[in-house]
1. Which whole-Hz ³J(HN,Hα) couplings does region 110-126 yield from phi under the Karplus relation 6.51 cos²θ - 1.76 cosθ + 1.60, θ = phi - 60°, glycine and proline marked x?
2. Leaving ligands, DNA and RNA out of it, work out the accessible area of Tyr159 with a 1.4 Å probe and give it in Å² to the nearest 10.
3. Hey, if you drop one equal point scatterer on each alpha-carbon of region 104-163 and run the Debye formula without solvent, what base-10 log of I(q)/I(0) do you get at q = 0.14, 0.30 Å⁻¹?
4. I'd like the distance separating the alpha-carbon centroids of region 70-132 and region 135-164, in whole Å.
Amino acid sequence: MDLEARSLQPNVKAMLLAKLREYKSDLNKLKREFKRVSSSEAHEELLESGKADPNVVSGEQRERLAMSVERINQSGERIRESRRVMLETEELGISIVEDLNQQRETLLNSRNKLHGVDDAISKSKKVLSSMSRRMTRNKWIVGSIIVALVIAIIFILFYKLAHH
């Protein structure tokens, strides 16, 4: 969970890491409490009370036992709640990672399409350049033909005027 939380966006990452530290702290407290309750002292107290008449258990022992049971129940409930939140956080992380993967795929597809468009634009530029050169060349040819025709007409007119 720690690794997944660190790989998320900064605004989500800070919140999830704080909750994760809190859960780790709770878990460590619960482990220490469990060790303390299950320690040899607690066992010895129960064994000593068992040696005596079972009906003659002091109120203090009952109260301590009830408090221990209550703490264990509370610890179990906190563990269940922590686990539930952990699973929700994990689901959220998985959802975010899936969204990021989809966005990555979309960006890669867009990039590929952009490269295709760029290639098409390059080809279009080449075609337009070629057409422009041909058009300029054709203008020169047509202009040359017109000049040649005008010169020929003038030559013919001068020739007719000179022979008349």
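The values are calculated or read from the model by the stated rules, or taken from the named source; none is laboratory data. Note that this is a predicted model, so its numbers are computed, not measured. Note: areas computed on protein heavy atoms with side chains; ligands, DNA, RNA excluded. Shrake-Rupley method; radii C 1.70, N 1.55, O 1.52, S 1.80 Å.
1. These are the phi-based 3J(HN,Hα) values: 4, 4, 4, 5, 4, 5, x, 5, 4, 4, 5, 5, 4, 5, 5, 4, 4 Hz.
2. Estimated to the nearest 10 Å², Tyr159 gives 130 Å².
3. Taken in order of the listed q values, log10 I(q)/I(0) reads -0.64, -1.05.
4. Each part's Cα centre sits 71 Å from the other's.
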